[in-house]
Every structure is written in C-alpha cells, then in structure tokens.
Amino acid sequence: MDQTHEPRRLDAVADQAQDVILIVGEDGAILDANLAAALTYRYPHGRIVGLNVRDLRRPELLADVPSQLVEANSRGVRFETVHRRADGSEFPCEVSARGIELDGEHVIVSIIRDISERRRAEEAVRRAESLSSKVFHASPIAIAIIDLVDGRYVDVNEEFLAMVELAREQVVGRGLIEVGLFSDPEQCAVIVEAIAGGRRGSFELCSRSAGGRPLDLLYSFDFIELDGHKCLVSFASEISERKQLEEQLRQAQKMEAIGRLAGGVAHDFNNILTAILGQSEILLGALEPGSPHRRHAEQVRNSALRAASLTGQLLAFSRKQVLQPKNLDVNALVVNLGAMLHRLIGEDIELSTELQAGLGHVRVDPGQLEQVILNLVVNGRDAMPAGGRLTLRTTEIEHGGPVREPFVMLEVGDSGVGMDTTTRSHLFEPFFTTKSRGKGTGLGLSTVYGIVAQSGGFVEVDSAPGAGSRFRVYLPRVAPETISKEPGGAPALAPRGHETILLVEDDADVRGFIHEVLTRQGYEVLTAGDGPAALKLAAEHPRAIHLLLTDVIMPRMTGSEVSARMAALRPGVPVLYISGYPGDTITRQGGLGPNLPFVQKPFSVAELADRVRTLIDGATAPRA
C-alpha cells in the first residue's frame, strides 16, 4: 500500500457532511477523509487515511476499480457499487468521483453515499408493484384500465379476458368501441354519461362476449392518474347466475302466491262440495231403489266427486295437498287425468295411451303421482314446439339386482328434439333447465326425482338428439286393497249412536249438512258457528259431551284453540278436525301437528259417520 502521499486534512465544513468524502490519489490511495468516512466504515480516522479504495470494495467488484479511476480523473464518473466496513459488513453505495487540482497536485475527490435506505425503499416499491400486479391479474373481478384521452385500453387482467373471450393483444391498445363490448348505443350512453359526470358507485349493464354469450354485469369504475395520463379503471362482475337465481326466486314467489290462491279457492269449493256431496248422499239414502229420481241424485253425487277430484288435481299441481300414500291403480289415475292432459298439451300434439290390463297397484300419494305425470307431460310438450306425439305407457316389469323385484313402470315418451349425454347427466339437478330464460325454473324434473325416490322407486331416461325422449318411472308393486260398496252407489253407514257431539263450523251449509247427518245417525248435536259460541255451549250444557267436531280455520278462534280451551272445560273429550284448506295451511295457520284425527273436505256421509263412531268408541268415558 502506497504511504508516500502527504495526508491533507479536509476542512471543518467537510466534516459536517453526511456523505463520505475521500481525497484519493490517481492510484486509489486514500489521502484524506472526513469524519463521516470513519463513522460509515467503522475505522479510526487515522486508519482510513493510507488505505486504498480497493480495500473498501467488495472483492468480486475490484476488477472495475482501474477503469473507474481513469474515468474519474478524465471527466468524472458516477456509479453504484458495494463497499465493506471494517467489521466485514457490506452496504450498497453511490459513488461520484472527479479529478481536481488541489495544492498543486492532481487528485480525485470521491463522494460516497450509503443508499441502503433507498434500496430498501425501492425494494418495497417493487414488492408493492409486484403484489399489485399479482392482485390485478389474479383478481376474480374483471378489471380494465382505459386512457381517458384516446379511449384505449391500457391494461386488462385475466378475468376480463376470460369474460369477454378475447386475447390480450385483441384488447390492449385498442379503443373501447373498437373492442365492441358495448356496441349498444344505450349502453354506451350510460357509460359516457357516468364518466362525464364523474359518477362513482355500481350499476348494471348488459353486454356480449366476443363469442356472443350474453353478459349481465355489475359495473363500477374510478379515476386514476397513470404515468401522467388520466385513466379510468373499471371493475365488472358477471351476475348472470345471480340474475337467474333472482328470476327463479320471483318464479317461486309467484308459485307460492298461486298456491295460496289455490288453497283459498279449494277451501271455498270444498265447503260447497261438502254440502252438495252430503245432500246428494242423503237424498240417495231416502229414495227407493226403483225411484226414477235416483239417477238424478247419482248424477249430482258423481259430478260432485269429479269436481272434488279436479280440486285435488289443482292442489297437487301447486304442491299443497296433504300427503296421504294409498294403494292405487296407475291406469285409473292416467285415465282420470286424460281431459286435463289434453288441455295441457294443446291441439298440435297427439296424445295416446298404452295401458297394460290387470296392472298391479303401487303405494304412493295420488296427488304426488299426478304431479309426476303432469311434470313429465309438460316436459315432453316443451320438447315438441312444432307439435308431435306424446305417449303414456304402463306395464309390469321385474327390475333390480340379484333379487329381482316387481315394479309398475309408467313411461312418458315424446317425439321431440331429444337430449345429448351432457344434458342427460344434469337432468335431475335443481334449477337445471335447457329452456330459454323465463320459460322454466329447472324444478320440474328434480321434483319428479324426489317424489319417485321417496316412494321407493327410481327414474330412467332414454334420449338422443333428434330421437325424442322416454322417461320411465318405476314404482314398487303392492297388493291391491279390497274396496266394498253398497249396491246402487250408496256407501254403507257406520253403526248408529246416541252420544252428544259439539259441532263447530263457520259455514252454515256445511254445518247444516253435518247436523242432519249426525242427527239421522241418532246423535245429539250441539252446533256453534265459531269458537266462543262453542265454548259457551260446552260450559252451559248439563250433560256429557262425547266428541268435539271442529273446523280448523275459523274467524275469531282456530280449531286447535277451541280444542285446547275445551280440554280445560271437559278433559278427555276426543276431537275430530275437518277442513277444506290444504295441508300446509292447516299446519301453518291451524296449529295442528301430524297424525291428529282429521277429515278433508269434501267428505262422504259414510266417511264422516265412520270417523265419528271410531273416535267415540276408542275414547275414555268423558266427564259431565
């Protein structure tokens, strides 16, 4: 190390500087240094003077020193490098060096600045920019940056490209109109107006992808400055699925409203039909077998039964019926639905049936099976927009694994457009539909699947594009029940009684009919039009009351409330409930739990008399 140079002291001003100042000879020897040098390199002051600048440099960077000394001596130099302290630690630094004449000698003044903080700040900025870039490109929200001067896309993220079905080079650098996402003049006007007004917040827009897919968008934007340019940054979320769910919710709410309306209509009709059916049965019981008027009374009774069946179908279609599994003949059910199905499918579709004679029975709720048939028929109709042929076929078949079980198979086939494999794989998923928006909820076939599965059966589908579809419903076969009727169509009545019955019914016609039926059967009947009147009778009647027969939904007091108050007045009195409302209304508004004695209007004289006698015979002795 060259020690021949006479050291020079820098003046007091240099010692106040925060940066390191070195006086260096042409060979790199340090001739003098300020106080900042001793503090930065952690050498005593006298120890720095006499070192060479090479001693301060990271070893692997020494190769650059000669050229940098030459350049500093000639015209000055500025560069970044890494220096080492006395303890071996290193720090990045910026070096500015220039040759000058000092005391008649040519030396190099080198100013060295520790840039550790700057490097840390730059690294923090780089990390932030990297993080921002990653967030920008990985965001599930479609983001686009648009230059407000020329209307061109500056940058977009991957979600934006996926949503619009375009490559980056087809968007970045192109204009908003050129890309063509908002070609509709009304949509463009909304965007232009929002930008011009500096509007912030969210609003909905409709667009189309490059492939023509409709896009329902929740759109918002803000204003930023990027490299001195005023820009718009937009955020778009596709809400097509949400819009579909909202439409399905609206449809479900409409169906719920229709169901409530159907329940109210059914209640009124069932009260009317109860009186008509009951009075016709009373009339049939009073007429002699040879009377010429019997056929008129039978016609009235049969018409009332058909009207009751129609009301039941309406409730089944709105899914409001009380679930009552029964052994039933599928053929008879299909025949009874015939008129409704013809009206449902229209005149351009031919309906045919192929029903196997002697078909076994199945155990299922009739209303639910009607709903299965109606849903499958509607599905077949919609698959034939230009008309076609719809076939309902029944047969018995053995189906299953090693132990083959007997099933009744109901097939609904159409000659419509058919389905591919992908569509068939999603058929029974809730809300899946191939129909256009507003034409279907995607609930029909999932309802079919649920009903059939709950009844112990299963569904098979056979379909191909252009070859129509065949839905096969398999239900376990059961032994038919024996049903006996009196000759002439009049059902047999239960044994007569003598007990006292408290009847609570707000409909005067129904109340009169029930009073007459039970009086003819030998009972003493106390009648009331509402709950308070019934409780007054129960409190004042001097003798025992053997049965409370009450409507469920009534003004002022429900049947369950009457029953509860009656239990306090006369413990042990059995209760038989009647109602023309559907089952869910009885549960929700009437406060009734499951498995309570209940008769659904319209009911026959025999059904009422039988339930009354059964309850009285099975009850404990009432108290007076």
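Throughout, read-outs are computed from the coordinates displayed, never taken from laboratory work. Computed from a prediction, not measured in an experiment: that's the story for all the values here. Glycine also receives a Cβ, built like all others from the backbone with ideal geometry; neighbour counts cover every protein chain displayed.
Per-structure values
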{"item": "Within-10-Å neighbourhood charge of N73 [Cβ basis; K, R +1; D, E -1]", "result": "0"}
{"item": "Net charge of neighbours whose Cβ lies under 12 Å from the Cβ of S237, counting Lys and Arg as +1 and Asp and Glu as -1", "result": "-3"}
{"item": "Loop sites in segment 329-402: GluC sites (Glu not before Pro), DSSP, at most 12 other Cβ within 10 Å", "result": "E347"}
{"item": "Extension gain (nm, one decimal) between A339 and S352, 0.36 nm per residue minus Cα-Cα", "result": "3.5 nm"}
{"item": "Highest to lowest packing among 80-90, 168-178, 407-417, scored as the average C-beta count within 10 Å", "result": "407-417, 168-178, 80-90"}
{"item": "Distribution of pairwise C-alpha distances over segment 156-244, 10 Å bins, in %", "result": "15, 50, 32, 3, 0"}
{"item": "Summed side-chain charge close to F471 - residues other than F471 whose Cβ falls under 10 Å, Lys, Arg +1, Asp, Glu -1", "result": "-2"}
